[in-house]
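Engineer: Let me give you the structure first, and then I'll get to my questions.
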Amino acid sequence: MFKLSKNFEYALIAIKHMAAKKADEMTSVREISEQYGLSFNLLARILLILKNASIVGSIQGTKGGYVLSADLNNLRMSELIKIVSEENLMLTDCLSKDIEKKRRCKIKKSDCNIYADVKNLQSKVEHFLDGITMKEFMAG
């Protein structure tokens with residue numbers, strides 16, 4: 001079964017939370033963490049990643065926090081996965097660019113009877129995710 005990474009889940013939750021607020025209303029890590037029962041430290045790291053990617057802006061201080069800065073009509077699900085995940089969504093280890101993950105596969109690519117099919121499916125999943133904006137995702 002496909003499973004979203006925790007980083008990606010946290011990013012989706014944080015972005016949707018901020019999108020529901022007024023454009024200039026700040027959100028703290030603590031607010032999101034407590035409301036959804038998320039790990040404070042992991043959420044803080046994800047928001048920093050989103051800040052560095054210009055998806056959110058931040059202001060420090062007692063009235064500071066994070067605010068959504070990206071246009072959700074232009075932010076694609078595939079982009080968000082690449083930003084917050086260590087690697088793109090990979091259906092199998094053999095398709096990974098990570099050598100250690102590739103080594104987990106015990107079948108040689110030349111001997112695998114499903115490699116081409118899985119690679120084709122991977123391409124279709126990537127194309128599907130490229131076609132969904134955050135705005136569309138949040139609309140349900």
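The values are calculated or read from the model by the stated rules, or taken from the named source; none is laboratory data. From a predicted model like this one, the values you see are computed outputs, not experimental measurements. Note that we place each Cβ from the backbone using ideal geometry, even for glycine, and neighbour counts take in every protein chain shown.
Engineer: Wholly within region 17-90, which helices (runs of 4 or more DSSP H) include no fewer than the required count, namely at least 3 residues that are surrounded by 15 or more Cβ atoms within 10 Å (Cβ to Cβ) and in contact (Cβ under 8 Å) with a residue 40 or more places away in the chain?
Structural biologist: It comes to 77-84.
Engineer: Hey, another quick one. Which of the residues belonging to region 90-104 are at pLDDT 75 or above and hydrophobic (A, V, I, L, M, F, W, C)?
Structural biologist: Across region 90-104, the qualifying residues are Met90, Leu91, Cys94, Leu95.
Engineer: Kindly provide the set of residues from region 55-93 that are under 14 Å from the mean Cα position of the chain (by Cα) and hydroxyl-bearing (Ser, Thr, Tyr), ordered by number.
Structural biologist: Ser78, Ser85
Engineer: Among Ser78, Ser54, which is under 20 Å from Asp130 (Cβ atoms) and out of contact with any Asp or Glu (no Cβ under 8 Å at 6 or more places or on another chain)?
Structural biologist: Checking each option against the conditions leaves just Ser54.
Engineer: With respect to Ala11, determine if the residue is under 18 Å from Ser85 (Cβ atoms), touching a residue at least 24 places away in the same chain (Cβ under 8 Å), assigned to a helix (DSSP H, G or I) and not assigned by TED's automatic domain parsing to the domain that holds Lys82.
Structural biologist: Yes.
Engineer: While we're on this one: Output the number of residues of region 5-16 satisfying the condition of being of a type in the set (Gly, Ala, Ser), surrounded by fewer than 18 Cβ atoms within 10 Å (Cβ to Cβ) and at pLDDT 95 or above.
Structural biologist: Number of matching residues: 0.
Engineer: Taking the condition of being within 20 Å of Phe8 (Cα to Cα) and surrounded by 11 or more Cβ atoms within 10 Å (Cβ to Cβ), how many residues in region 96-122 meet it?
Structural biologist: 4
Engineer: Could you tell me how many of the residues in region 91-129 are more than 29 Å from Ile46 (Cα to Cα), part of a loop (DSSP other than H, G, I, E, B) and out of contact with any helix residue (DSSP H, G or I) (no Cβ under 8 Å at 6 or more places or on another chain)?
Structural biologist: So the answer is 4.
Engineer: Quick one: would you say Tyr66 is aromatic (Phe, Trp, Tyr), at pLDDT below 90 and either touching a helix residue (DSSP H, G or I) at 6+ places or on another chain (Cβ under 6 Å) or outside the structural domain of Ala11 (by TED's automatic domain parsing) (or both)?
Structural biologist: no
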